[in-house]
Structures are given as structure tokens and as C-alpha cells.
Amino acid sequence: MAKKVTVKTIQKIKDSGEKFSVLTAYDYSTAKYIDEAGVDIVLIGDSLAMVALGYDTTHYVGVDEMRIFTKAVARGVNHAMVVTDMPFMSYNLSVEEALKNTSDMIRAGADAVKIEGANEYILNVIKRCVQSGIPVMGHLGFTPQFLNTIGGYNIQGKSFEATLEILAQAQELEKAGVFSIVLEMIPEESAQYISAHLRVPTISCGAGRYCTAQVLVSDDVFGKYSEFKPKFARKYGDMKSLIFDCAKKFNDDVKSGAFPSDDEVFKLSEEELKQLKLHEGSIKC
Ligand code: KIV
């Protein structure tokens with residue numbers, strides 16, 4: 001069996017100039033198949049608020065939901081590293097609360113957590129997590145939990161100055177101890193420049209081809225989530241049609257009587273059936 005992916009594996013991949021892959025998962029069976037397919041990191045992204053729970057932003061999930069989804073995913077994964085996204089406001093009130101909530105995710109089965117941003121307070125939270133044995137993945141560029149302050153789904157790092165600003169934040173994250181950094185929705189030249197000046201691997205989420213890794217939301221990859229498809233996502237299948245076709249055929253078969261068939265039912269033994277028929281004959285209406 002393949003060895004478990006750890007922070008050490010991830011750094012080795014970066015140092016050898018190879019690539020690694022990251023996909024989100026929110027349930028046991030999806031996580032199991034993603035893991036069996038050889039994906040290196042399974043991320044329980046707070047994107048689950050949108051793609052699994054139907055909200056229109058990621059703001060609506062909290063620690064309780066992330067704990068449940070983390071447990072489900074962790075039960076399905078043997079090889080990949082399991083990373084849980086810390087949800088909106090779960091690490092912003094105090095360092096103590098951040099430590100409580102991040103350690104809860106580790107107890108639920110995560111190997112690491114992901115935290116958005118790099119202001120002074122966040123850097124301190126990350127330092128304290130790492131000092132406590134909780135590996136942290138950083139997240140810069142477009143950070144969905146800051147959607148309302150950013151003012152929309154806008155590409156970040158579009159100028160020379162903005163690129164240097166993200167690089168400075170990334171270097172602070174590296175100093176604070178993150179083992180990798182997601183760069184979301186920034187031009188690929190900016191991501192390339194930033195990545196070249198870091199020791200830890202960068203993970204592109206719409207940040208082009210020059211990061212060590214690529215991450216996508218699995219519902220986009222499977223063609224399951226159809227409300228919105230980001231420019232940078234690639235659809236590898238059509239799960240929406242598959243689900244629709246299966247549900248439609250089931251509905252038709254139930255209504256026509258074609259389901260269940262003789263092979264799909266349990267039967268009484270000959271002896272029990274005989275007794276039942278005799279009993280029926282003895283009942284007077
Ligand atoms: O929530 C999420 O799924 C994410 C990734 C797409 C990076 O943060």
C-alpha cells in the first residue's frame with residue numbers, strides 16, 4: 001500500500017521539481033475514490049457550503065459542520081493528506097479559540113488545516129498552531145472568506161505592486177511555518193514570480209501553470225455543480241447528467257413496475273409460502 005502523504009512528502013515533491021494534486025471532497029465515498037485515484041491531498045474545503053449545501057457563499061458553514069464532513073472524508077482516505085479548511089470566523093476571535101477549533105479538526109481526522117489571509121493576527125494564529133503540532137496550509141490572492149471586503153470574485157495580484165504585496169505576505173506565511181500556500185485567482189506570471197521566491201510549495205487555484213500543485217473543487221471536475229463554472233476549472237465528467245439520467249430511469253421504472261425485478265426481491269421458502277396460502281384459504285371474509 002502507498003505510504004501516507006505528510007508535510008515531508010509535500011516538501012520533497014516541491015524540492016524534486018515534481019507536481020502534486022489536490023481535490024476537495026466532502027463525503028466518505030467520494031474521498032475514497034479520489035484517494036484511490038492517487039490524488040495527494042484531499043481538502044475538505046469550505047466550498048462545501050456552496051456545492052454541497054447550496055448556499056451562495058462559503059460564509060454559512062461553521063466548525064460543527066466542518067467536523068462532521070472531516071470525519072466522513074477521513075474515514076475514506078488511506079493515502080492522501082487530509083486538510084480541513086477552517087471556516088469563516090472560526091479562527092478570528094482569539095488565538096485560544098483558533099487553537100481550540102483547529103485542534104478539533106485534527107481530532108476529527110484532519111492531518112492539517114487551511115487558514116486564509118496573512119495579517120499580523122493571522123500570522124500569530126498560524127505560528128501558535130504550528131508550535132502546537134497543527135500543520136497549516138496558507139491561502140492568499142482571492143480569499144473567499146473576504147468576499148465582501150474584496151467586493152466580488154475579482155482577480156488579485158494584477159499589477160507589479162500587487163504581486164510584490166502577495167509575495168511579501170507569502171514570505172511572512174512561510175516564516176510563520178505554513179507547509180504550503182494556495183494562490184487563488186492571480187495571473188500566472190505573478191504566481192510564477194511568487195513561487196520562485198518561496199521555499200514551500202504553492203498550490204494554484206486559478207493561478208496558472210507554474211505552481212508546484214493544482215487544486216480544484218471536485219464538483220467542478222466531476223461536472224456535478226452547475227450553478228457556476230470558474231474559468232480556471234476543468235470539467236472531466238458529466239456527473240450532473242449521470243445523476244439526472246439515473247434518477248429519471250428509476251422514476252420511470254418505479255412507475256411502470258419495471259423496478260424491482262424478480263432478482264431484486266426477497267422470497268419466502270416453498271414451505272412458508274404453502275402455509276401462508278393455506279392460512280389465506282382458511283380466512284373467511
Ligand atoms: O474551499 C475550497 O474548496 C478551497 C479551495 C478551492 C482552495 O478553498
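The values are calculated or read from the model by the stated rules, or taken from the named source; none is laboratory data. Note that the structure is predicted; figures quoted are calculated from it, not measured. So basically every Cβ, Gly included, is an ideal-geometry build from the backbone, and we count neighbours across all protein chains shown. Each accessible area value is taken on the protein alone, full model and side chains, heavy atoms only, with ligands, DNA and RNA left out. Shrake-Rupley method; radii C 1.70, N 1.55, O 1.52, S 1.80 Å.
Which value, in Å² and to the nearest 10, is the accessible area of TYR28 when all protein chains are kept and the probe is 1.4 Å?
Counting only protein heavy atoms, the figure is 110 Å².
Taking a 18 Å limit on the Cα-Cα distance, which of the listed pairs LYS12/LYS71; LYS224/LYS255; LYS4/LYS32; LYS14/LYS231; LYS114/LYS175; LYS100/LYS127 fall beyond it? Mind showing how you got there, number by number?
Working: LYS12/LYS71 28 Å; LYS224/LYS255 26 Å; LYS4/LYS32 14 Å; LYS14/LYS231 26 Å; LYS114/LYS175 16 Å; LYS100/LYS127 14 Å.
Check vs 18 Å cut-off fails for LYS12/LYS71; LYS224/LYS255; LYS14/LYS231.
Which one, GLY45, GLY76, GLY141, has the greatest fluctuation when you compute a Gaussian network model over the chain with C-alpha springs under 10 angstrom?
Residue with maximal mean-square fluctuation among GLY45, GLY76, GLY141: GLY76.
So, for the chain, what is the accessible surface per residue at a probe of 1.4 Å, expressed in square angstrom?
Numbers: 15700 Å² over 285 residues.
Solvent-accessible surface per residue comes out at 55 Å².
Measuring from a point 7 Å past the Cα of GLN11 along Cα-to-C-beta, which residues in segment 167-208 have an amide N at less than 11 Å?
What the label zone holds, given the 11 Å backbone N cut-off, is 177-180, 199-201.
Using a Cα-Cα cut-off of under 17 Å, which aspartates and glutamates could be cross-linked to LYS158, ignoring same-chain neighbours fewer than 8 residues away?
GLU184, GLU188, GLU189
Could you calculate, for segment 112-164, the ratio of the Cα radius of gyration to the Kirkwood radius, expressed as Rg to Rh?
My calculation puts Rg/Rh at 1.04.
Which order do MET239, MET66 take when ranked by solvent-accessible area (1.4 Å probe, heavy atoms of all protein chains), largest first? It would help to have the intermediate numbers written out before the result.
Working: MET239 60, MET66 0 Å².
The ordering from most to least exposed comes out as MET239, MET66.
Using alpha carbon centroids, what distance separates segment 1-53 and segment 179-193, in Å?
18 Å
Using unit Cβ charges (K, R positive; D, E negative) and no other charged atoms, how large, in debye to the nearest 20, is the dipole of the chain about its Cα centre? Mind showing how you got there, number by number?
Working: 32 positive and 38 negative charges, 99 e Å.
Here the chain has a charge dipole of around 480 debye.
When the accessible area of the chain is computed with all protein chains present and a 1.4 Å probe, what percentage of it is carbon and sulfur? Present the calculation step by step, with values, prior to reporting the outcome.
On the way: 8710 of 15700 Å².
Of the solvent-accessible surface of the chain, carbon and sulfur hold 55 percent.
To the nearest 500 deg cm²/dmol, what mean residue ellipticity at 222 nm is calculated for the chain from DSSP H runs of n ≥ 4 alone, each contributing -39,500 (n - 2.57), summed and divided by the residues? Write out the running numbers ahead of the final one.
Details: 12 runs with 126 residues, N = 285.
Computed mean residue ellipticity for the chain: -13000 deg cm²/dmol.
Which of the trypsin sites (Lys or Arg not before Pro) found in segment 180-249 are loop residues per DSSP with 12 or fewer other Cβ atoms within 10 Å of their Cβ? Working shown, then result.
Working: sites: ARG199, ARG209, LYS224, LYS231, ARG234, LYS235, LYS240, LYS248, LYS249; in loops: ARG199, ARG209, LYS224, LYS231, ARG234, LYS235.
Passing both the DSSP loop test and the Cβ count: ARG199, ARG209, LYS231, ARG234.
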